[in-house]
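Trainee: The structure that follows is given in the form of structure tokens.
Please treat every number below as a calculation from the coordinates, not as lab data. It should be emphasised that the depicted structure is a prediction, and the values quoted were computed from it without experimental measurement. Note that each Cβ is placed from the backbone with ideal geometry, even for glycine, and that neighbours are counted across all protein chains shown.
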Amino acid sequence: MNKIFLVVNREYLSRVKKRSFLLTTFLVPLLFIGMYIGVFYLTKESFENSHAIVHVVDNSASISKSLTNNKNLTFTISSNELQNELDSLKDKTKNTNLLIIPEDFLQSRRVELLSSGKPNINTQSEIKSQLKEIIRTYEYSRMGLNIDSVKSVDDKVNISSKEISDTGDSKESHTEVAMGIAMSLSVLVYLSLFLYGAQVMRGIIEEKTSRVVEIIISSVKPFQLMMGKILGIGLVGLTQFLLWIILTAALTSLATALIFNVSGTTPEEISALTGANSQLSNDNPAFDIISVFNSINITELLVCFFIFFIGGYFLYSGLFAAVGSAVDSETEATQFTMPITMPLLLTYVLSFGVLINDPHGTIATWLSFIPFTSPIAMLVRVPFGVPTWQIIVSALLLFGGFLITTWVAARIYKVGILIYGKKASIKEIIKWFRYKQ
Amino acid sequence: MLKIHNINKQYSTHRALDDVSLTIHKGSIYGLLGPNGAGKTTLIRIINQINAPDSGEIIFDGEKLQPKHIERIGYLPEERGLYKKMKIGEQMLYLAQLKGIKKAEASRRIKEWFEKLEIQSWWDKKVEDLSKGMQQKVQFVATVIHKPDLIILDEPFSGFDPVNAQIIQNEILELNKQGATIIYSTHRMESVETLCDEIALINRSKKILEGSVENIKESYRNQTYKISYSETEGTEFPLEELALFEIIEHINRDNQTEATIKINNDKTLNDILLQLIPKVKINEVLEIIPSMHDIFIEKVTRSKNQYTIK
């Protein structure tokens, strides 16, 4: 036991002390923040640039009067000849448009929009909806309806969706949020299982090619060396996750503060803004952030994440270790890692379609019980609410699967690490597995 | 120190060890010889408990070999290496701690050894910055840092220049003098004669020879002598006429003759000299004892021939 600790210690420290570890640990959150800031500025930019000027050549003479200016659009009625307008359009700055309304618009319902650059989608839909309104008004009055009373009809419907939990309580559910969390968990687990599993494999190949392995296993049992490596790298993974979470949280709040300062928004304005928002959120519960977070059980999610990430990591890293012991180089390893990671890849791909759309269906339920697929499948399901007994059974199965793969891997590993320069085939590996120990 | 009884080890298609028994006495330097692929490494790995035998028994210092004995064994494998990116000092500490030595004690001993071998400045160097020979030196220290009672060295001199090989050889002898039993596996027969007290020769997974170097050489004495003599003026001495021996080599140089002869089984050196003394002036008589190298080659090729005849 003491020796495993020594191995874990070395594996952990030698990796954490590496420059590349520090680099990825600090760069990844920075990357996230960079994206966050980037998105913010791009959105702001696009809002500022979306204002469009529309010159209207109105052949019907009446339609253009009903067009109204707003913050995105400024209409100017043009009295110039069409050809002159077209010529001048070429020199104009972007977002200048020419709207040509034909004489028989109310019948043909067809207009032409000419733009100096690529026509802006927002501008188009804005114009479209205004024109629709004009047609509607025209048609209503033609049918003899009172336009004001038609407009006063309030057809707004709010669906407040709630799910009934085991205890019979109802709570608000937010499917979109659950989907978002499920998808990010799926990506996170998939990538990290690969990342750290491959690190285990690489570490073993390194020990094998540098021939240090025979010296080590004259002091520790091969199983201790393998488990020490797996545990050490697992701890590196957990450390990295923890640092990422902390750094991202810290940097995000920092960035938020900075952005508000840079854009010159005073605290009063912010509160005014948020006040407006809360006004809005009263109308539209989907935007009530507090209720969103209440609907997802963060503690359950975190606990499940760590259980299934750790379980999945142990399950797969054992297999990666077996592969590492069987080959002499990483390029050789590809033929073996492919079949091993197939279930993972399959679940990953399925998670975006089948699992998220039908998180309690037959496929999703089965996949969340099979140890090879459950680390991803179960985590995808958890945000949608999974009965606790299912989580426990799945976790136990995962643990059992981990014991079996580790046992198999250790038998292969024991033989494999001492065989140099021989190309291993599947047949050969099965033979190793059968060796009397 | 180590008694190996009837060890068998079968790999799926070939037998690595076939009923091998050895006795290694406490305080001896034991040569484990044999051509490539004979089964030496398998045997060494079994002693180190890296592999287990299919059948047979190993007694280590009066007890059945068990995992706790690992800390009393030091092993320098033929296929050796170190973590390339790790600093020498850290690496040595790690290896010593794996052998059950406390960190402080390990650090003290490593420094002692580094001083002895004049490599103190290497502590913070990375392995990849050292030459092959330098790495070997570090590795040797790692093998003996926990003061093992049994030291197993598999080709310890490969990669050393003659000067460093001598330094290491002296260290091995010193450790032996302090009481360590040493198993020395090699192909280098010259070093066997200077180092080993006893040897075993393994070929094709079987032990084909075991005993003290002296006794083995003794048993391979075959009455071969080199006699140099000068002929007395005028009389030419026809060596061939004496039917007492067979002439292997006969060289005339100026008035000195060197003859290598193998005396017939029923005769002794005295009989020959009796014949020679009246006729020639004998300058030197030297018994030709086969070297371990010759014995090795003879044994191995003979057993190969036997094998093919079967």
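Trainee: Report the antiparallel proportion of the DSSP beta bridges in the protein assembly as shown as a percent, rounded to a multiple of 5.
Mentor: On the way: 49 of 78 bridges.
Counting only bridges with both partners in the protein assembly as shown, antiparallel ones make up about 65 percent.
Trainee: Which one of A:386, A:344, A:425 is farthest out on the positive end of the charge dipole of segment A:304-437, using unit charges on Cβ (Lys, Arg +1; Asp, Glu -1) and the Cα centre as origin?
Mentor: The Cα lying farthest towards the positive end belongs to A:425.
Trainee: Follow-up. Per the helix-only calculation at 222 nm, which mean residue ellipticity applies to chain B, given -39500 (n - 2.57) for every DSSP H run of n ≥ 4 and division by its residues, nearest 500 deg cm²/dmol?
Mentor: Details: 9 runs with 102 residues, N = 310.
Here the helix-only value at 222 nm equals -10000 deg cm²/dmol.
Trainee: Taking square-rooted eigenvalues a ≥ b ≥ c of the alpha carbon gyration tensor, is segment B:79-135 rounded, prolate or oblate, where a/c under 1.5 means rounded and, failing that, a/b exceeding b/c means prolate? Walk me through the intermediate numbers first.
Mentor: Numbers: a/c = 1.89, a/b = 1.29, b/c = 1.46.
Oblate, since a/c reaches 1.5 and b/c is not below a/b.
Trainee: Have a look at A:409, B:140, A:82 and report the one farthest towards the positive end of the charge dipole of the protein assembly as shown, computed about the Cα centre with Cβ charges (Lys/Arg +1, Asp/Glu -1).
Mentor: Result: A:409, furthest along the dipole toward the positive end.
Trainee: Rounding to the nearest 20 debye, state how big the charge dipole of the protein assembly as shown is about its Cα centre with +1 on each Lys and Arg Cβ and -1 on each Asp and Glu Cβ.
Mentor: Details: 79 positive and 80 negative charges, 239 e Å.
Computed about the Cα centre, the dipole is about 1140 debye.
Trainee: Cα atoms only, segment B:1-76: Rg and Dmax in Å?
Mentor: In Å, with Rg to one decimal and Dmax whole: 12.1, 37.
Trainee: Fewest first, what order do B:113, A:389, B:123 take by the number of other Cβ atoms within 10 Å? It would help to have the intermediate numbers written out before the result.
Mentor: Values: B:113 20, A:389 9, B:123 15.
Least to most surrounded, the residues fall as A:389, B:123, B:113.
Trainee: If you don't mind, another one. So what is log10(I(q)/I(0)) for segment B:2-218 at q = 0.12, 0.13, 0.19 1/Å, when the Debye sum runs over its Cα atoms only?
Mentor: The Debye formula, applied to the Cα set alone, gives -0.64, -0.76, -1.46.
Trainee: Mind telling me which of B:104, B:200, B:52 comes out most flexible in a GNM of chain B, alpha-carbon contacts under 10 Å?
Mentor: In the Gaussian network model the winner is B:104.
Trainee: Considering chain B as a Gaussian network with a 10 Å cut-off on Cα pairs, which listed residue, B:286, B:32, B:22, attains the greatest mean-square fluctuation?
Mentor: B:286
Trainee: Which entries of B:9/B:84; A:18/B:147; A:422/B:126; A:17/A:208 show an alpha-carbon separation above 26 angstrom in the structure shown? Show your work: numbers first, answer last.
Mentor: Numbers: B:9/B:84 33 Å; A:18/B:147 33 Å; A:422/B:126 29 Å; A:17/A:208 22 Å.
Where the Cα-Cα span goes over 26 Å, the pairs concerned are B:9/B:84; A:18/B:147; A:422/B:126.
Trainee: Could I ask something else about it? At 20 °C and 1.002 mPa s, grab the translational diffusion coefficient of the protein assembly as shown from Stokes-Einstein with a Kirkwood Rh over Cα pairs, rounded to a whole number in µm² per second. Please report the intermediate quantities before stating the final value.
Mentor: On the way: Rh = 34.4 Å.
So the translational diffusion coefficient is about 62 µm²/s.
Trainee: Arrange the following residues from fewest to most other Cβ atoms within 10 Å of their Cβ: B:79, B:128. Please list the in-between numbers first.
Mentor: Numbers: B:79 15, B:128 12.
Listed from fewest to most nearby Cβ atoms, that is B:128, B:79.
Trainee: Still on this structure, please answer the following. Over segment B:113-160, what per residue volume does the convex hull of the Cα atoms give, in whole Å³? Each step should come with its number before you reach the end.
Mentor: Details: hull volume 3.9 nm³, N = 48.
Output value, Cα hull per residue: 82 Å³.
Trainee: Taking neighbour counts of Cβ atoms within 10 Å as a proxy for exposure, in what order, fewest first, do B:204, A:211, A:381 appear?
Mentor: So the residues, fewest neighbours to most, are A:211, B:204, A:381.
Trainee: Looking at this model, which pairs from B:26/B:111; B:85/B:137; B:68/B:137 are more than 22 angstrom apart at the alpha-carbon? Can you show the working numbers first?
Mentor: Numbers: B:26/B:111 29 Å; B:85/B:137 18 Å; B:68/B:137 27 Å.
Table pairs above 22 Å Cα-Cα are B:26/B:111; B:68/B:137.
Trainee: For Cα pairs less than 8 Å apart in space and 6+ apart in sequence, what is the mean separation divided by the residue count of chain B, i.e. the relative contact order in percent?
Mentor: Working: 509 pairs, mean separation 61.8, N = 310.
Averaging sequence separation for qualifying contacts and normalising by length gives 20 percent for chain B.
Trainee: Turning to a different aspect of this structure: Can you compute the charge dipole magnitude of segment B:37-143 about its Cα centre, using +1 on each Lys and Arg Cβ and -1 on each Asp and Glu Cβ, nothing else charged? Give it in debye, rounded to the nearest 20.
Mentor: Values: 20 positive and 15 negative charges, 69 e Å.
I would put it at about 340 debye.
Trainee: Shifting gears a bit: Please express the Cα-Cα pair-distance distribution P(r) of segment A:323-385 as a list of whole percents, one per 10 Å bin, running from 0 to the bin with the greatest distance.
Mentor: Taking every Cα pair in segment A:323-385, the percentages come to 23, 40, 20, 14, 2.
Trainee: Please compute, for peptide B:75-85, the average count of beta-carbon atoms on other protein chains lying within 10 Å of each residue's beta-carbon. Write out the running numbers ahead of the final one.
Mentor: Numbers: counts 5, 3, 8, 2, 8, 6, 10, 4, 9, 4, 4.
Per residue, the average neighbour count from other chains is 6.
Trainee: Using alpha carbons only, how many degrees (0 to 90, rounded to 10) separate the axis of helix B:162-177 from the longest principal axis of chain B?
Mentor: Computed tilt is about 80 degrees.
Trainee: Pick out, from B:20, B:165, B:117, the residue whose Cα sits farthest towards the positive end of the charge dipole of the protein assembly as shown, with +1 on the Cβ of Lys and Arg and -1 on the Cβ of Asp and Glu.
Mentor: B:20
Trainee: Something else: Convex hull over the alpha-carbon atoms of segment A:49-147: what's its volume per residue in Å³?
Mentor: It comes to 93 Å³ per residue, whole-number rounded.
Trainee: Follow-up. Roughly how big is chain B's charge dipole about its Cα centre, with Cβ charges of +1 (Lys, Arg) and -1 (Asp, Glu), in debye to the nearest 20? Before the final figure, lay out the partial values.
Mentor: Details: 42 positive and 45 negative charges, 407 e Å.
Magnitude of the dipole: close to 1960 debye.
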